[in-house]
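The values are calculated or read from the model by the stated rules, or taken from the named source; none is laboratory data. Bear in mind the structure is a predicted one, so any value in this text is a computation, not a measurement. With ideal geometry, Cβ positions are generated from the backbone for all residues, glycine too; neighbour counts draw on all protein chains shown.
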Amino acid sequence: MVNRFWLIVKSTKELFNWRFIAWQIGLLVAILILLTSVNISRFKSLQASLPLSSGEAPVIEESLPSPSLLPSAKNLPEPVTRIGSSQTKVLVSSNPLCKGVTEPWKLIPDPSHEGEYVICNVVPEKMTTVDELNAAQNEYRRDQGLNTLGIDATLCAVAGQRAKEISTNFSHDGFEAATERNGVNRSAIGENIASGPLSGVHFVQWAWDRSPGHRDNMLRDWNAGCGGVFDRFAVFIFAR
């Protein structure tokens, strides 16, 4: 009887030890997941758009929760179609995806490039300024019943640097490096990039708003931001 009781007690202790070890492992896994989610929270919501060459439609590329689109100023074809006001000159795009499309500022998904859109029939105009882009972004958020973004000097520095960077390397690759270089300490950061020229309102309301990814990014729970403009390239940095 004594030996049997000892075996029962020993087995119970071993079961308890294994359960305790399993509980510790589970706790460590939960901590690792939490730490990973905190790092990922500095997500990149990046967008890219390709410049136009003669008659080519602008393109937007959607990577993370947000991207952007725009037409380019150089080598644009002569306007051949007028829609609405006689003062609104709409450029008919030569991209095959735009064939038969008459609606201005129409976004068409590009089946050969996942997450990219071609913008058909754009209206060329003078390139936006930083102040205009900031005002357009905050006006958009007010119209959606959201808080406006505080214009943060550090984010403005990042946006300005990124606008210059994408003029020679149109990609999202330098986004994280720019935030780290400028000592940005935020729980979440997003970036939209684009090539124009477009006005601030058209960047925000006619381009980004028409792409689900861009729109979601603009409507996120941000409290700060700033635009950056260089030549015909535009960047907007969001943060909280």
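Taking the numbered list (1) modelled with pLDDT under 90; (2) under 16 Å from the mean Cα position of the chain (by Cα); (3) not in a helix (DSSP H, G or I); (4) not basic (Lys, Arg) in turn, PRO111 passes all entries but (2). If you filter the stretch 220-233 down to residues that are over 14 Å from GLY190 (Cα atoms) and assigned to a strand (DSSP E or B), you find that the one that is modelled with the lowest pLDDT is PHE233. Taking the conditions (1) surrounded by 18 or more Cβ atoms within 10 Å (Cβ to Cβ); (2) assigned to a loop (DSSP other than H, G, I, E, B) in turn, ALA136 satisfies each one other than (2). Within the stretch 92-106, being at pLDDT 80 or above and of a type outside the set (Asp, Glu) holds for PRO96, LEU97, CYS98, LYS99, GLY100, VAL101, THR102, PRO104, LYS106. All conditions in (1) of a type in the set (S, T, N, Q); (2) more than 18 Å from the chain's Cα centre (by Cα); (3) at pLDDT below 95 hold for THR129, with the sole exception of (3).
Among residues of the stretch 137-152 that are under 16 Å from HIS214 (Cα atoms), those with a Cβ under 6 angstrom from a residue that is at pLDDT 95 or above and of a type in the set (Val, Ile, Thr), sequence gap 6+ or separate chain, pair up as ASN138/THR148; ARG141/THR148.
One line per residue, one yes/no per condition, for (1) more than 16 Å from ASP216 (Cβ to Cβ); (2) assigned by TED's automatic domain parsing to the domain that holds GLY227; (3) touching a residue at least 40 places away in the same chain (Cβ under 8 Å):
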residue	(1), (2), (3)
SER171	yes, yes, yes
GLU180	yes, yes, no
ASN192	no, yes, yes
GLY200	yes, yes, yes
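Here are some conditions: (1) free of Cβ contacts under 8 Å to residues at least 24 places away in the same chain; (2) surrounded by fewer than 17 Cβ atoms within 10 Å (Cβ to Cβ); (3) of a type in the set (Asp, Glu). ASP216 meets all but one. Which one does it not meet? Of the numbered conditions (1) free of Cβ contacts under 8 Å to residues at least 24 places away in the same chain; (2) surrounded by fewer than 17 Cβ atoms within 10 Å (Cβ to Cβ); (3) of a type in the set (Asp, Glu), the odd one out for ASP216 is (1).
The set of residues from the stretch 158-190 being part of a loop (DSSP other than H, G, I, E, B) and surrounded by fewer than 14 Cβ atoms within 10 Å (Cβ to Cβ) comprises ASN169, SER171, ASP173, GLY183, ASN185, SER187.
Looking at the stretch 191-204, is at least one residue surrounded by fewer than 21 Cβ atoms within 10 Å (Cβ to Cβ), within 14 Å of the chain's Cα centre (by Cα) and within 28 Å of VAL118 (Cα to Cα)? No, the conditions are met nowhere in the stretch 191-204.
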